[in-house]
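The values are calculated or read from the model by the stated rules, or taken from the named source; none is laboratory data. These numbers were taken from a predicted model, which means no experiment stands behind them. Please note: Cβ atoms are built from the backbone with ideal geometry, for glycine as well, and neighbour counts cover all protein chains shown.
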Amino acid sequence: MTALNPGGWRPEMTAAGGADDNTTFTGNRALMLEEALIFEIGSTATTGVDFDEAAAPADLGALARTAPIGLPGLSEAETVRHYTRLSRQNYAIDLGLFPLGSCTMKHNPRLNEKVARMAGFADAHPLQPQETVQGAYAVIHELAEWLITLTGMHSVAMSPKAGAHGELCGILCIKAALEARGEDRRVILVPESAHGTNPATAAFAGFTVEDIPATEAGRVNLEALKARLGPDVAGVMITNPNTCGLFERDMKAISDAVHAAGGYVYCDGANFNAIVGRVRPGDLGVDAMHINLHKTFSTPHGGGGPGSGPVVLSEALAPFAPLPFVTKHAEGFRLIEEESAGEDHPQTFGRMTAFHGQMGMFTRALTYILSHGADGLKQVAEDAVLNANYVLSSLEDVLDAPFAASGPCMHEALFSDKGLAEGFSTLDIAKGLIDEGYHPMTVYFPLVVHGAMLVEPTETESKAALDQFIGALRSIAMRAKNGDPALKSAPHFAPRARLDETAAARKPILAWNETATAPGTPSLSEIGGS
Ligand SMILES: Cc1ncc(COP(=O)(O)O)c(C=O)c1O
């Protein structure tokens, strides 16, 4: 069949391209857009709006402006076009596969958006009288029931606003439980394979963090953990599945040992999408676990939000859960707050958020759960794991997969920089992916692997989409192994060339001023921009 677009990628294509001859494997040339600064388009001497001279008060006294306002004067059309053109430089899950490991950037079904935008949910005000928001409370309550059922836990605190916020909630429950027991345990053990937010949370809550080493196979070293347990240990924080993409098979043995030593088990459940419907953390002895609704139950959270991190709790920790929460009664739903907590909830550690939590996320997550059903959710986990293993096994011959021998991976595939040509690194591969029209995968994380590349394809990608991504990554990996010099200067087709990442991070130019650069800040060309 004659290809209508000979430059475009087709499923049967396997040959590698290369940026040096102005081609890419995918046929993409990044996004090929360039946009001037808004100050360069509009003049500060003009305005896009006509003001009625007479409408302005003649004498503003001390409030009168002494210097020009300095805003670029653009018409509405020019302004809209500028920001729309800029927005097209954003990579988005609606443009293509987003392989970021540990972030679960999966397709967010449009049905979720439709439901979340229903006025009864979207326009509800948190201070409305309770009898006028019974539908919203019903959503929170039904979602809470689902989370309890799926995790096999006793109860759930719905208000935390993100994964890390949920971690803090769980750790504060542990702290309150220890205080109630009259015990001053100060140490939280965190395995090397845990997510970075875990030690940060424990330290933020005032605990001392101690590392537990990983085994050669990338899992928690059970013997090392057992050896460290003692009367000063408040608990452990374990990410499961962990950041190497592996299931912690010793989880039950870990929980039993920690409980026997008087501690609590916190599980980072941000990667729950790999096991939802298959494994119930409650059966593994977990005392507290946050669920990133914005990962497992859709709505990608790239760019800072919105997130939602409900925390499921064991019976031992449930009395310490934060307010407010929704309860069901014969006459309807009730929001339990400080005034109404009374004798029923005297041990709560307090309040983490002003109101109930992220209503928009609750509606999206419940819509996702109900539209999949229990069997569909099980398939979510199976497909997420299948897709990650497809990526892993398809690239194992060109990229080092350090834990391939540890058994199938879970939701994400991990590679290292071992075997690349002298002078070539993970960063070169990440930059090469930009030229192929993809957002790079997570790089240099987890720290236990040198030059780590963590790829999470998610369950929402088709085989064709995976094949295209695998082809692109294979092509770049081959170029990195063969020492293709053009890869060292990738990206070639993006709006910005390769930046000096250190200068860009440490001396970012975040504000425009007339002299273009503030004293001491490097110019765009100095940090490698073009
Ligand atoms: C394993 C793990 N734990 C915790 C978090 C923190 O979640 P959040 O970014 O919502 O605070 C993430 C983030 O994606 C994660 O991947």
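So how many residues does segment 443-455 have that are part of a strand (DSSP E or B) and buried (at least 22 other Cβ atoms within 10 Å of the Cβ)? So the count comes out to 3. Looking across segment 168-206, the residues that are outside any loop (DSSP other than H, G, I, E, B), at pLDDT 95 or above, within 16 Å of the ligand (Cβ to nearest atom) and of a type outside the set (Val, Ile, Thr) come down to 168, 169, 170, 172, 198, 199, 200, 202, 203, 204. There is no residue in segment 289-296 that is closer than 29 Å to residue 402 by Cα and free of Cβ contacts under 8 Å to residues at least 40 places away in the same chain.
Of a type in the set (Ser, Thr, Tyr), out of contact with any Pro (no Cβ under 7 Å at 6 or more places or on another chain) and near the ligand (Cβ under 10 Å from one of its atoms) - does that describe any residue in segment 285-308? Yes, some residue in segment 285-308 is of a type in the set (Ser, Thr, Tyr), out of contact with any Pro (no Cβ under 7 Å at 6 or more places or on another chain) and near the ligand (Cβ under 10 Å from one of its atoms).
Here residue 331 clears all of (1) within 16 Å of the ligand (Cβ to nearest atom); (2) at pLDDT below 95 except the condition numbered (1).
Taking first residues from segment 352-371 that are at positive phi and partners that are not small (Gly, Ala, Ser), the Cβ contacts under 8 Å between residues at least 6 apart in sequence or on separate chains come to 357/140; 357/158; 357/160; 357/161; 357/310.
Each residue in segment 456-490 was checked for being crowded, with 22+ Cβ neighbours inside 10 Å and part of a loop (DSSP other than H, G, I, E, B), and 5 of them qualify.
Let's see how each residue does on (1) touching a Gly at 6+ places or on another chain (Cβ under 9 Å); (2) small (Gly, Ala, Ser):
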{"residue": "70", "(1), (2)": "no, yes"}
{"residue": "73", "(1), (2)": "yes, yes"}
{"residue": "114", "(1), (2)": "no, no"}
{"residue": "124", "(1), (2)": "yes, yes"}
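Looking at segment 217-249, which of the residues that are in a loop (DSSP other than H, G, I, E, B) and over 27 Å from the mean Cα position of the chain (by Cα) is farthest from the ligand (Cβ to nearest atom)? Full working, then the answer.
Keep residues of segment 217-249 that are in a loop (DSSP other than H, G, I, E, B), which gives 217-219, 221, 229-232, 240-249.
Restricting the remaining residues to those that are over 27 Å from the mean Cα position of the chain (by Cα) gives 229-232.
Working: 229: 23, 230: 27, 231: 28, 232: 25 Å.
Taking the candidates together, the pick is 231.
Of all residues being outside any helix (DSSP H, G or I), away from the ligand (no atom under 16 Å from the Cβ) and of a type in the set (Gly, Ala, Ser) in segment 76-114, which is surrounded by the most Cβ atoms within 10 Å (Cβ to Cβ)? Just the residue, please.
96
Do we find a residue being modelled with pLDDT under 95, within 21 Å of the chain's Cα centre (by Cα) and not polar (S, T, N, Q) anywhere in segment 152-161? The answer is yes; a qualifying residue exists. Of the residues making up segment 394-430, just one is more than 25 Å from residue 215 (Cα to Cα) and buried (at least 24 other Cβ atoms within 10 Å of the Cβ), namely 429. What residue, among those in segment 250-278 that are within 16 Å of the ligand (Cβ to nearest atom) and among the aliphatic types (A, V, I, L, M), is surrounded by the most Cβ atoms within 10 Å (Cβ to Cβ)? Top of the filtered list is 270.
The requirement of being more than 25 Å from the chain's Cα centre (by Cα), of a type outside the set (D, E, K, R) and either away from the ligand (no atom under 16 Å from the Cβ) or under 28 Å from residue 131 (Cβ atoms) (or both) is satisfied by residue 323.
Are any residues in segment 186-204 more than 21 Å from residue 245 (Cα to Cα) and either buried (at least 21 other Cβ atoms within 10 Å of the Cβ) or under 22 Å from the mean Cα position of the chain (by Cα) (or both), and if so, which ones?
Within segment 186-204, the subset more than 21 Å from residue 245 (Cα to Cα) is 186-188, 201-204.
Across segment 186-204, the qualifying residues are 188, 201, 202, 203, 204.
The set of residues in segment 178-229 that are touching a residue at least 60 places away in the same chain (Cβ under 8 Å) and either of a type outside the set (A, V, I, L, M) or outside the structural domain of residue 245 (by TED's automatic domain parsing) (or both) comprises 183, 185, 192, 193, 195, 196, 197, 198, 218, 219.
Before we move on, is residue 142 touching a residue at least 60 places away in the same chain (Cβ under 8 Å) and of a type in the set (Asp, Glu)? So residue 142 passes the test.
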